[in-house]
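Working notes, beginning with the structure itself.
The values are calculated or read from the model by the stated rules, or taken from the named source; none is laboratory data. As the structure is a prediction and not an experimental result, all values here were calculated from the model. Note: ideal-geometry Cβ built from the backbone for every residue, glycine included; neighbour counts use all protein chains shown. Each accessible area value is taken on the protein alone, full model and side chains, heavy atoms only, with ligands, DNA and RNA left out. Shrake-Rupley method; radii C 1.70, N 1.55, O 1.52, S 1.80 Å.
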Amino acid sequence: MVELAHILRNSSDQTLQSLSGHLSTRQLLRIAARMKHYPASSAYDAVQTTFMVKFLPSLARQALERTIQRLGIVPEEGSDDSSPIVCEVKNNVLTIGQSSVPVYQTTHLTKVPNILFYDVPQHLHLMENMLQDFHLGQQILLVGNQGVGKNKIVDRFLELLNRPREYIQLHRDTTVQTLTSQPTVRDGLLIHEDSPLVKAVKHGHVLVVDEADKAPTNVTCILKTLVESGQMILSDGRRIVPVLPPNCDPAHHIQIHPDFRIVVLANRPGFPFLGNDFFGALGDLFSSHAVENPSRDSEIDLLRQYGPDVPLNTIKKLVGVFGELRNMADQGLVSYPYSTREVVNIVKHINKFPDADLEDVIFNVFDFDRYSPEVVETLGEILEKHGFSSKNVMTAEYIAAKRAKEKIQVTVNRYSGLDTKEPKHGKEDPDNAPHVGGNTWAGGTGGRDTAGLGGKGGPYRLDKGHEVHQLSDEEKNAVPDHIQRAAREMGKKAFQEKLKEIGMSGYDASLYDQFYNSVSRQIQSLRIILGNLQAKNKERHWTRHQTAGELDDVKLIDGLLGEKTIFRRRAEQEPEIGAPQLKPKVFRVVVDVSGSMYRYFFPSDCFFFTCMQSFWCF
């Protein structure tokens, strides 16, 4: 480990040099203490946790892995988080795996968590590492995606240890004052109430800091001196110290309790959470652990405990779907990193309502994604791939049918009983009113001959944004052959006219499709990233005259006279009516179209080719 630290510090590779900060002298001392007290600890596991390898960018991860392999730092044989592990409390001693510590004795039993938790090997292995850190007096940092169970794991861990918990959740408007004290006026007196942080320091409780990446870095950095040296100056002038100085005023000094511990929870840095990099700023002060979604076997075991009456085959299909979606999220092909939380909710619903439509239950999780056609198509392919019966699941017609099914007044499966005559585009309705049945209007549903959805005999699909009324497959298949041929010919003609309108030939269109299909996933990934860039048209400012929030210094006299609206808090300021957007999305793309690009043209470059018609070219 020392050799690895020196290689990183002296490397000419900027990528490796940037990683050297994570392997500081403080971290080396922490690793040495762990290996002394727990000889089974491996250097490979120490590297994985110290650098948070699972959350590193691909280039940095590959460079680090090549370096540690040259040093012989490799995984040990038989090290598997899915192997069975024992967790029990016997004779007031907690044992997790090969590690044991006495159960904590406290009188603050109401602050000890008591939650529903199902043991799985992966989580127990993580809690064993946390137990070792607690035994060595370390502070803990858990980093992972949202919904992977960080809060659940911490609460269960403290419940097993019988440790009281103080909880604080940070947000983007958290200030140093709110983190350390809460001023309030009571009976005409200005009183500074202790924050959960101060209470934990006083009584030796465990402070759980949730959503640490959401708060500004200048706020969370005040934890540095508290963790490093046990000292902190509070906003009201009081001072937290490890040992009370002689002849000090007890009202101005707070001695830190020897049992005080901090557990910090944070989302991983980078897209899509886009919070502050807490691990990068303060990571070497903590014993850090990465929390991931359970492995396939662990997740199946967990879901079977949440849904004992759900068929095992259904659970396996759900695990397959969400596992593939998580891999796509890591590749940037979908924006939301679907977690264990979503699939647990699905299984709990099915277990309680066994007669519920499985596709409807899954649809509740993906409901918001229906606004993105690319994501809808991707989800439909994945669900069909893993054995769900509906072939058009997550398509526009499927979603409309599900919505119509919820509204009992609408009949989805209708029967017209009328013959088709000849395909046509149909009349355009200037009011875009919904049309069901008939053969007059373009964009109708459940009709015949015209362009629309859910009908028969039309030349091509045309969606006007209305609920879809479907004719049965039997009625659609009964359309005469000559009508079907005429419809196909009309569809081809409309396609040729569209190509002519945009200046393309049939060969150009096929060539474009060939190039486009090669990089369609990459284009979708970029669209998702650009779509998630938020342009603010609202600014946050201090809203005064509030009944809760931070004490407004200019209204102290009002508070002494009994006024209640003496607080202020941050809120979004609404823009003036009709005001233009102040911060639109503006970006520039520089594309290399030199001779080397068109002489040696590879599919990986096709994305830029397909974008060229959207930009000015020089």
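Could the peptides 260-266, 113-119, 421-427 be put in order, highest first, of the mean number of other beta-carbon atoms found within 10 Å of their residues?
260-266, 421-427, 113-119
Holding the Cα-Cα limit at 27 Å, pick out from Lys54/Lys214; Lys111/Lys152; Lys385/Lys498; Lys90/Lys352; Lys202/Lys555; Lys316/Lys464 the pairs that are longer than that.
Pairs exceeding 27 Å: Lys385/Lys498; Lys90/Lys352; Lys202/Lys555; Lys316/Lys464.
Provide the packing ranking of 159-172, 441-454, i.e. peptides ordered by the mean count of other C-beta atoms within 10 Å per residue, highest first.
So the order, starting with the most tightly packed, is 441-454, 159-172.
Using a Förster radius of 56 Å, what is the FRET efficiency between Gln14 and Phe353 based on their Cβ-Cβ separation? Nearest 0.05, please.
With R0 = 56 Å, the Cβ-Cβ based efficiency is 0.50.
Under 15 Å Cα to Cα from Lys427, which aspartates and glutamates show up? Leave out anything in the same chain fewer than 8 places away.
Straight-distance partners of Lys427: Asp449, Asp463.
Label region 36-124 by shape, choosing from rounded, prolate and oblate, from the square roots a ≥ b ≥ c of the eigenvalues of the Cα gyration tensor; if a/c is under 1.5 it is rounded, and otherwise prolate applies when a/b is larger than b/c, oblate when it is not.
prolate
According to the square roots a ≥ b ≥ c of the eigenvalues of the Cα gyration tensor, what is the shape class of region 41-193, taking rounded for a/c under 1.5, prolate for a/b larger than b/c otherwise, and oblate for the remainder?
Oblate, because a/c is 1.5 or more while a/b does not exceed b/c.
Roll a 1.4 Å probe over the protein chains and send me the accessible area per residue for region 208-299 in Å².
Per residue, region 208-299 has 42 Å² of solvent-accessible surface.
For region 247-346, which whole percent of the accessible surface, found with a 1.4 angstrom probe, sits on carbon and sulfur atoms?
Accessible surface attributable to carbon and sulfur in region 247-346 totals 44 percent.
Excluding Glu299 itself, what net charge comes from residues whose Cβ is under 11 Å from its Cβ, given Lys and Arg +1 and Asp and Glu -1?
+1
Give, as a single signed number, the net charge of other residues whose beta carbon lies under 15 Å from the beta carbon of Ile557, with Lys and Arg counted +1 and Asp and Glu -1.
Around Ile557, the surrounding residues sum to -1.
Taking only protein heavy atoms into account and a 1.4 Å probe, give the accessible area per residue of region 1-119 in Å².
For region 1-119, the solvent-accessible area averages 61 Å² per residue.
What FRET efficiency do you get for Gln169 and Asn92 if R0 is 30 Å and r is their Cβ-Cβ distance, rounded to the nearest 0.05?
Here the calculated transfer efficiency is 0.40.
Gain in length, Gln305 to Thr565, computed as 0.36 nm per residue apart minus the alpha-carbon separation, to one decimal in nm?
The Gln305-Thr565 span can extend by a further 88.7 nm.
In region 1-79, carbon and sulfur make up what percent of the accessible area (probe 1.4 Å)?
Carbon and sulfur atoms account for 53 percent of the accessible area of region 1-79.
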